[in-house]
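Quick notes on the structure that follows.
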Amino acid sequence: MKKISFLVFTIISILICQGCKADDMQTQVKGKFVFRSYRDFKIGYGTYILKNGKMKLLIAQHSDGKWSPDGKYIATISLDGHELNVFTENGQLQTNFKSPYVIGPLSWSQNGEEIAYAANQRDNKMHTIAMYIFIYNLETKTHTQIYKGGSSDSYTSLDFSPQGDRLMFLNTNDDENMRGVYLINKDGSNLKRV
């Protein structure tokens, strides 16, 4: 009975899909999405935009994109972690920042005017020397360091408060005395472990 049901389902699916064109199937997707895919073997991983059924490559060799809360911008980090890019929702490059540090993770402020990001300074053997948290302002195009951590720190999560005046980050340090969730003011003051 299971084989017959599967066979009937397969035949119905084939009959339905025979009348579909790829363009018809694409236009059924409404809204806008950003994602990483290995669709093209020549470029490897790329960040793509899917907007109202139309898909286009935003940038090659980059990680998943993150939409700004207002949906106007997309931030991406290169796969090697040394480049932060900001694009408009239509794919126009706004900012290209190359860093000597390994960037990630990142977080948008609620008003979409700033990006907080962690940066890992490494030596030539890829050992962490220090961890930093920076805030990038889209209007002034400035990067402000608000925190410097130690060589055994690792920040795996970072987020603005809803008011945009503080940041929360997760330090997955091997030392239990340092591991945990921290809050810090946007200006770098008042660091607290919670």
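Each reported figure results from applying straightforward, stated rules to the coordinates on display, with no laboratory input. What you are looking at is a predicted structure, and each value in this text was computed from that prediction instead of being measured. When we count neighbours, we look across all protein chains shown, and the Cβ atoms used for this are built from the backbone with ideal geometry, even at glycine.
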Inset, instruction - List, in order, the whole-Hz ³J(HN,Hα) value for each residue of the range 121-135 obtained from phi through the Karplus relation with A = 6.51, B = -1.76, C = 1.60 and θ = phi - 60°; use x for Gly and Pro. - result: 8, 10, 8, 5, 9, 6, 8, 5, 9, 7, 10, 10, 10, 10, 10
Legend entry - Cut-off 10 Å between beta-carbons: net charge of the residues surrounding Phe169, Lys and Arg +1, Asp and Glu -1: -2
Inset, instruction - Report, by chain and number, residues whose modeled amide H sits under 5 Å from the one on Ile103, excluding near sequence neighbours (fewer than 5 apart, same chain). - result: His82, Glu83, Asn120
Legend entry - Environment charge of Ile129, counting only residues whose C-beta is closer than 15 Å and scoring Lys/Arg +1, Asp/Glu -1: +1
Legend entry - Residue-by-residue Karplus 3J(HN,Hα) for the range 68-75, coefficients 6.51, -1.76, 1.60, Hz, glycine and proline x: 5, x, 7, x, 8, 9, 10, 10
Legend entry - the range 53-141, dipole about Cα centre (Lys/Arg Cβ +1, Asp/Glu Cβ -1), debye to the nearest 20: 220
Legend entry - Net charge contributed by nearby residues that have their C-beta within less than 15 Å of Gly149 (K/R +1, D/E -1): +2
Legend entry - J(HN,Hα) series, the range 51-60, from Karplus relation 6.51 cos²θ - 1.76 cosθ + 1.60, nearest Hz, glycine and proline x: 10, 6, x, 9, 10, 9, 6, 7, 7, 7
